[in-house]
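Report on the following structure.
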Amino acid sequence: MRNIFIVTDGQDPNLYENIKTMFPERLTSLRIVDHRELFEGYEKYLPIFNSISIGNMIWRIKGLSENFVYFNDDTFLVRNIRPEDFFINNNPVLRGRWVPAPLPRIFWNNIRKTVNKYLLNNITFQPAASFHMGQWNSASLLGFKCRYFTNSHTPHTVNRKIIEDFFSRNKKSFEQNISSRFRNYSQFTFISLSNHLQIRNGNRQIASPDLAYLKPYNRPDDYIDRKIKLCESKPGIKFMCVQSLDTCKKEDQEKVLGWMDKILTNLSGRS
């Protein structure tokens, strides 16, 4: 991994001191990327508060490698990984599984839209954006009919050129998908689009998520301890997704953050 790009909206997360302390040799590898760089030529859609729209633009980062790994801000490494965990023979490793098309959800949402439009006179009603519907929208866009490949909350591997080529041929779909300032039910998700393009092009490097999912709000007292023990006892778990940490008790926050700091300390060799 040569460079790390951190996407923000006019913000500096002030990471340089931590990087300088723990990984000084990587200090020059870090660059903050503003939304204005991603949306160059599409500034009319800024400001934007929609992670789906923002995700669709990350392939436009200047200096990005042809093959890159995309982390959301709630996704972490919990142990050492190998290049083969991300790419094999220059092909992205796709982490997820096949599931049936979400036909019951589509049917139910169509009923809701009809009721709102014709009975409640709410013609602007749209169902809430959905993690799985965004993935299905990607698969459907590419012609998948009966099933789709669903990804988990892991780091995602992407080939930039395949995405760039697709969007250059589908400019209308691209611009329509990035135009919503807030999440929209009709949007397709960037990672699912990338995965289905890979599959359509013959990539069969499919792997399990190797993930532990942690959402500590309103959980039993031993919830975090059990999750940490699970990660430490199972070497197959490489990634962790931590959501809603800001909503849980301070002692639980400190427990999770202290464990992550321990992992960083071990990796850096810092005493």
By how many degrees, 0 to 90 and rounded to 10, does the Cα axis of helix 190-200 deviate from the longest principal axis of the chain?
-> 80
Considering only DSSP beta bridges with both partners in the chain, what is the antiparallel share in %, to the nearest 5?
-> 55
Can you give the relative contact order of segment 212-268 as a percent, counting alpha carbon pairs under 8 Å and 6+ residues apart?
-> 43
Ascending count of other beta-carbon atoms within 10 Å, so fewest first, for Trp136, Trp108, Trp259 | Trp108, Trp259, Trp136
Net charge contributed by nearby residues that have their C-beta within less than 13 Å of Ser208 (K/R +1, D/E -1) = +2
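Tell me the mean residue ellipticity at 222 nm calculated for the chain from its helices only (DSSP H runs of n ≥ 4, each -39500 (n - 2.57), averaged over every residue, nearest 500).
Only helices count here, giving -11000 deg cm²/dmol.
Would you tally the net charge around Asn218, using a Cβ to Cβ cut-off of less than 11 Å, leaving Asn218 out, and scoring K and R as +1, D and E as -1?
On the way: positive: Lys215, Arg219, Lys249; negative: Asp252.
It works out to a net charge of +2.
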Dipole in debye (nearest 20) - segment 162-251, about Cα centre, beta carbon charges: Lys, Arg +1; Asp, Glu -1 = 240
Quick one: which of Lys62/Lys172; Lys234/Lys255; Lys62/Lys171; Lys171/Lys238 span more than 28 angstrom between C-alpha atoms?
-> Lys171/Lys238
Normalised by the residues of segment 7-127, what does the relative contact order come to in percent, with Cα pairs under 8 Å and at least six apart?
-> 13
How far, in degrees from 0 to 90, does helix 223-233 lean away from the longest principal axis of the Cα atoms of the chain, to the nearest 10?
-> 70
Extension reserve of the Val99-Glu17 stretch, reckoned as 0.36 nm per residue once the Cα distance is removed | 25.1 nm
So which residue, out of Arg219, Arg183, Arg31, gets the largest mean-square fluctuation from a GNM of the chain using Cα contacts under 10 Å as springs?
-> Arg219
For the chain, longest principal axis from Cα atoms; helix 250-268 axis from its Cα atoms; angle between them, nearest 10 degrees, is 70
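None of the figures in this text is laboratory data; all of them are computed from the coordinates on show. Only a predicted model underlies this, so the values are computations on that prediction, with no experimental measurement involved. FYI the Cβ positions are ideal-geometry reconstructions off the backbone, even for glycines, and counts take in every protein chain you see.
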